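Working notes for the structure below.
The values are calculated or read from the model by the stated rules, or taken from the named source; none is laboratory data. These numbers were taken from a predicted model, which means no experiment stands behind them. All Cβ positions, glycine included, derive from the backbone under ideal geometry; neighbour counts span all protein chains shown. Protein only, heavy atoms only, side chains kept; ligands, DNA and RNA dropped before computing areas. Shrake-Rupley method; radii C 1.70, N 1.55, O 1.52, S 1.80 Å.
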Amino acid sequence: MSNQLCIVLDFGGQYNQLIARRVRECGVYCEIKRFDTPISEIKAMKPTAIIFTGGPNSVYDPASPHISKEIFEIGVPILGICYGCQLMAYTLGGKVESCEKSEYGKIEIDQNTDSLIFRDVPEKSIVWMSHTDFVSQLPEGFSVTAKSQDCPCAAFEAPERKLYAVQFHPEVTHSEFGKQILHNFLYNVCGCTGDWVMNDFIENTVKKLREQIGDKKVILGLSGGVDSSVAAGLLSRAVGKQLTCVFVDQGLMRKDEGDFVEETFTKLFDMNFVRVNCKDKFLAALKGVTDPEQKRKIIGTEFYNVFWDKIREQGTDGFFAQGTIYPDRIESGRGNQAGHGSTAVIKTHHNMVKMPDDIKFAGTIEPLGDLFKDEVRAVGEKLGIPHDLVWRQPFPGPGLGVRIIGEITEEKIKILQEADAVFRDEIRKSGIEEQLKQFFAVLPDVRTVGVMGDHRTYDHLIAIRAVTTDDFMTADWARIPYDVLAKVSNRLCNEVEHVNRVVYDITSKPPGTVEWE
Ligand code: XMP
């Protein structure tokens, strides 16, 4: 990697990935490393900048994560954020105490705009604070550069040593000039030049992939999701027909989605595309099953049985590729081991699946292993992958299987596919699509009485669900305007056969989950 590097040292804060994303948005390549990464390793990575994250602990608690003083002597500029700010002060001989009044939320601070990190920031601004400790005495050689009403030391620095610290969270959007402050640190203090550009990424990756793959074959499991699609696009550009994409269509995708995926990849890209249609096999395995966990298990198991069989058929004398992205690697605790070994772990949403012992590839390739989701999308756009695929909302691995409550039948799949397509169409037309993170229809196992013309009906209920969220860990139900809901309801009852009632799900997460099963 020839890019300038910013290392985010992770002290356990909840916004750590956000810090790394913001740094990347500033055009600087960034990696998250654990706080206890040996200093020698950090030095060997030749970082241009280091950022200490926040964390839930108190620095004066001996059990909290600490760092050797040596880090301040390696000559790389450091920015400490929240806990990282207190740690910098504490480690260098300052004092940290519990606040009389903790600060939480949006707080106004006064800042010294002569500081390199507060350039182009007004003298007063709103920042996001979340702390119960504060720096009560600075280490020698440091001076205060910002304060709030309750925090005398909201930012401080020792510019000749290139050490900077902020008590607040510049990475959070509630901090009005947070991005500017991070940008200032990276560019004004560290001398970053912004060499992390997606066009370069594509070119460099294609070159690296060609070198790595040589004349061998590559197999990639395509799900129709963003990550595997973009990985396929990159690999196709690198090695063309040496790439085979296997697309297992279990019949539980949204209306026409399987055809759309097939058309996209066969028309736009040079590769071998293998589609396995196995709806009947799945329906047979799911016959009579109503328990949500059992349904998920059957769908997962069947999927991999079909997938591995196809892989065996295609041959394993080459590489196995998958669309793992950077957050998957962090979450899975694999840290920085870029996936270029032969790690036989398969990415799925909620778990990692082991590859069967008899399937052995020369190695695993994860071309997106260093990217965040928004970067994956940017690469996808540049590769010419259609907007609908690049911006596709999350879709659960078990597909519509977790949105059909009770037994899954062919008839129910058809009703739900039609209803979901109508709902999506109406949301698109209403112009509110961008505000929603995910929206879909659900088919509960409920029939109700209705009336149509002069006839009594006894037919299906459709539930619609739309959520807003930052990270899917929590979510709120979306306040869709009533007139949009009215149109959706009208169209669902009129256009979708066997639907005679519509309800809107107004449960947030928690206590609900986004999906119904
Ligand atoms: P829940 O229902 O857990 O959903 O609140 C949170 C997000 O995860 C998606 N989801 C899944 N994605 N495989 C996936 O790839 C799954 O089994 C799965 N279950 C839920 C869900 O659509 C939402 O975006």
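Some values worked out for this structure:
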quantity: Per-residue ³J(HN,Hα) for the stretch 116-129, Karplus 6.51 cos²θ - 1.76 cosθ + 1.60, θ = phi - 60°, Hz, x for Gly and Pro; calculated: 4, 7, 9, 5, 6, 10, x, 5, 10, 7, 9, 10, 9, 10
quantity: FRET efficiency for Lys46 and Glu211, using Cβ-Cβ distance with R0 set to 22 Å, rounded to 0.05; calculated: 0.45
quantity: Rounded accessible area per residue of the stretch 376-456, 1.4 Å, Å²; calculated: 45
quantity: Residue-count net charge about Lys43 - beta-carbon cut-off 13 Å; Lys, Arg +1, Asp, Glu -1; calculated: -1
quantity: Proximal charge balance of Glu410 [Cβ under 10 Å; K/R count +1, D/E count -1]; calculated: +1
quantity: Under 17 Å from the Lys281 label point (7 Å along Cα→beta-carbon), backbone N, the stretch 191-230; calculated: 220-223
quantity: All-pairs Cα distance distribution in the chain, expressed in whole percent, bin size 10 Å; calculated: 4, 17, 23, 22, 18, 12, 4, 1, 0
quantity: Cα-based helix-to-principal-axis angle, 257-268 vs the chain, degrees rounded to 10; calculated: 70
quantity: Greater than 31 Å apart at Cα, pairs in Lys414/Lys487; Lys267/Lys487; Lys412/Lys487; Lys297/Lys487; Lys295/Lys382; calculated: Lys267/Lys487; Lys297/Lys487; Lys295/Lys382
quantity: The stretch 507-517 - phi-based ³J(HN,Hα) in whole Hz, Karplus 6.51/-1.76/1.60, Gly and Pro as x; calculated: 9, 8, 10, x, x, x, 9, 5, 7, 8, 10
quantity: Ala321 long-range amide H proximity, modeled H, under 5 Å; calculated: Ile219, Leu220, Gly221, Ile365
quantity: Backbone HN-Hα couplings from phi across the stretch 172-180 [Karplus 6.51/-1.76/1.60, Hz, Gly and Pro as x]; calculated: 8, 4, 5, 7, 3, 10, x, 5, 5
quantity: Charge tally in the Cβ shell below 14 Å around Trp477, where Lys, Arg are +1 and Asp, Glu are -1, Trp477 excluded; calculated: +1
quantity: Euclidean distance of C-alpha centroids, the stretch 281-325 and the stretch 179-238, integer Å; calculated: 29
quantity: Eligible lysines near Lys33 by straight Cα distance, threshold 17 Å, same-chain separation 8 or greater; calculated: Lys43, Lys46
quantity: Helix 226-239 vs. the chain, principal-axis angle (Cα, 0 to 90°, nearest 10); calculated: 90
quantity: Where no second cysteine Cβ lies under 4.7 Å, the cysteines concerned in the chain; calculated: Cys26, Cys82, Cys85, Cys99, Cys151, Cys153, Cys190, Cys192, Cys245, Cys278, Cys493
quantity: Residues with amide H under 5 Å from that of Gln137, placed H, sequence gap 5 or more; calculated: Lys95
quantity: Under 5 Å, built H, 5+ apart or other chain: amide partners of Ile408; calculated: Gly288, Val289
quantity: Cα-based reach from Lys360 at 23 Å (exclusive), listing lysines while leaving out same-chain residues under 8 positions away; calculated: Lys208, Lys216, Lys217, Lys241, Lys310, Lys347
quantity: Cα-based helix-to-principal-axis angle, 198-213 vs the chain, degrees rounded to 10; calculated: 70
